[in-house]
Amino acid sequence: MNKVKTHELRNRLLFTLMILAVYMAGRNLLLYGVDSAAYQLEELNSQNIVNSMISGDRYQYTLFALGIMPYITANLIMWVFTALQGDEAKARSSPYRTQRITFAIMLLLAVCFAVSRTEGLIFKESGLPLDVLRAIAAVEMIAGAVIVYHMATLNKKHGIGAQMPIILVNILDNLISTVRKYTWEEFSGPLVLCSVMAVVILIMEIRIIRIPVQRVSIHNEFADKSFIAFKPNPIGVMPVMFAAAFFMLPQLFIRLLLRMDENNRTLQNISGRLNLNDGVGVAVYLGIIVILNILFSFIMLMPGEMAKQLQKGGDSIVGIYAGKKTKRYLRMKLLKLCIFSSCILCLMMGISLRLSLMGVISSDLALFPATGSILAGIGCPLYREVKSYRKFDSYTFFI
């Protein structure tokens, strides 16, 4: 019988590289009529860096201007919706139906983001009216968002890391562009904060907090090895990545209101302060991280559901009665971990952003700690996924 050798890791890596090649090409296709020369003198700062982490390009004037933002935001909305559903509704929901709803939400978000973005685009002199140029640009951005959605979906199935490689490309592009502008003395301080943040995130990703569980079905030497596992940072760097998207939502809302009342000074003042170059914007951004960290952890890990499943199986946490006490214990444990990890995240990024507001470091270096945490948070699961496929390839199948 002929033995078959798999090449799963190689095939998946090649597919991901192909997806990234298409994505990089789309990031260089300018929207119709956009004057790229008008953006070359624009300052690179904390605000457009955080935007471009999940957007397609720094100035958001290419085919993939919206980047991965509509995709990840639509997925987040679906996660929340699914978590709030009852057991019967979850049982009736099929993956195909969920995917269709996610795509519809993504398309709606892409339309809103594209219409908002076109207001800030600068076009070359043309015979076409400005409204027509903006409409063409909006259609192109929506089409680009659809392409990115399908690329991320396909990469999840045939490649490695789903949407993570796309986010990684955006971050590395900003990192390289930023580092080139400064000497070693100028960015050595932020680099230290970035390195410390990356190490802290890696420790919190690797370390496991074990809650011992008594299993009624296990009565051997493995009985003491059954546990519920939590990480010190329960949900990883998801809050930091999604905070950029959520930070743009109030900005989008204010812009839409300003379109209806352009002379409203209150809205103009709020719009001017909702950015990472202002103390109010920094406070809002850090607050979003804390809220998302707690919200995501409870939605994704569902401590109440954990307690329910333990009680159904007749199992229990060592020293804790099953039922309400177990549910209360798990919720409090998760809440403490969320508060701890939120403090760590906000402290590291808050220090850097504060130094930027004081003028000690440049504004485009203020998000180096966030960059370090996201790189570590993305790199760790990518490494584990690559390692798992490499182990898979080490076997020789004969059936």
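Each part reduced to its alpha carbon centroid, segment 173-195 and segment 252-269 end up 35 Å apart. Listed by Cβ neighbour count within 10 Å, with the fewest neighbours leading, Tyr59, Tyr389, Tyr395, Tyr285 appear as Tyr395, Tyr389, Tyr59, Tyr285. Under the simplified labelling scheme, the Lys157-Ala143 pair shows an inter-label distance of 2.3 nm, with each label point 7 Å from Cα along Cα→Cβ. Between 0 and 90 degrees, the angle of helix 303-312 with respect to the longest Cα principal axis of the chain falls at about 20 degrees.
Mean separation of Cα pairs under 8 Å and 6 or more residues apart, divided by the residue count, gives segment 331-399 a relative contact order of 19 percent.
Segment 90-124 and segment 361-395 have Cα centres separated by 27 Å. Taking the C-alpha atoms only, the angle from helix 324-357 to the longest principal axis of the chain is near 30 degrees. Let me check I've understood the local charge: for Ile374, count other residues with C-beta under 15 angstrom from its C-beta, Lys and Arg +1, Asp and Glu -1. What total comes out? Neighbourhood net charge equals -2.
What value does segment 262-305 have for Rg/Rh, both radii from Cα atoms and Rh as Kirkwood defines it? With Rg and the Kirkwood Rh in hand, the quotient comes to 1.27. Among the trypsin sites (Lys or Arg not before Pro) in segment 65-130, those placed in a DSSP loop whose Cβ has at most 13 other Cβ atoms within 10 Å are Lys124.
Just so you know, the Cα atoms of the chain work out to an Rg and Dmax of 23.4, 81 Å.
Entry note, the chain: the mean residue ellipticity at 222 nm calculated from DSSP H runs of n ≥ 4, each adding -39500 (n - 2.57), is -23000 deg cm²/dmol after division by the residues and rounding to the nearest 500. By other beta-carbon atoms within 10 Å, ranking Ile208, Ile378 with the fewest at the front produces Ile208, Ile378. Please give the net charge around Glu262, taking every other residue with its beta carbon less than 14 angstrom from that of Glu262, where Lys and Arg add +1 and Asp and Glu add -1. Here the count lands on +1. Report the FRET efficiency, 1/(1 + (r/R0)^6), for Lys324 and Trp184, where r is their Cβ-Cβ distance and R0 is 45 Å, rounded to 0.05. Step by step, r from the Cβ atoms, then E = 0.20.
Taking all Cα pairs closer than 8 Å and separated by 6 or more residues, the relative contact order of the chain comes to 25 percent.
Counting every other Cβ atom within 10 Å of each residue's Cβ, Leu66, Leu337 order from fewest to most as Leu337, Leu66. For segment 182-399, the share of alpha carbon pairs falling in successive 5 Å distance bins from zero is 1, 6, 11, 13, 13, 12, 12, 10, 8, 6, 4, 2, 1, 0, 0 percent. GNM remark for the chain: springs join alpha carbons under 10 Å apart, and the peak mean-square fluctuation among Val280, Val148, Val240 falls on Val280. Roughly how tilted is helix 184-206, in degrees to the nearest 10 and between 0 and 90, from the longest Cα axis of the chain? Orientation of helix 184-206: about 30 degrees from the principal axis.
Sorting 248-255, 69-76 by average packing, meaning the other beta carbons within 10 Å per residue, from highest down gives 69-76, 248-255. At a Förster radius of 22 Å, what calculated FRET efficiency corresponds to the Cβ-Cβ distance of Leu107 and Leu128, to the nearest 0.05? Efficiency, from the Cβ-Cβ distance: 0.30. Using a cutoff of 8 angstrom between alpha carbon atoms and counting only pairs six or more residues apart, the relative contact order for segment 182-399 works out to 32 percent.
Any of Lys157/Lys387; Lys231/Lys391; Lys231/Lys325 with alpha carbons more than 19 Å apart? Name them for me. Over 19 Å apart, Cα to Cα: Lys231/Lys391; Lys231/Lys325.
Taken together, the values in this text are just the output of simple stated rules run on the coordinates, not laboratory data. Computed from a predicted structure; not experimentally measured. Glycine gets a Cβ as well: all are built from the backbone with ideal geometry, and neighbour counts include every protein chain shown.
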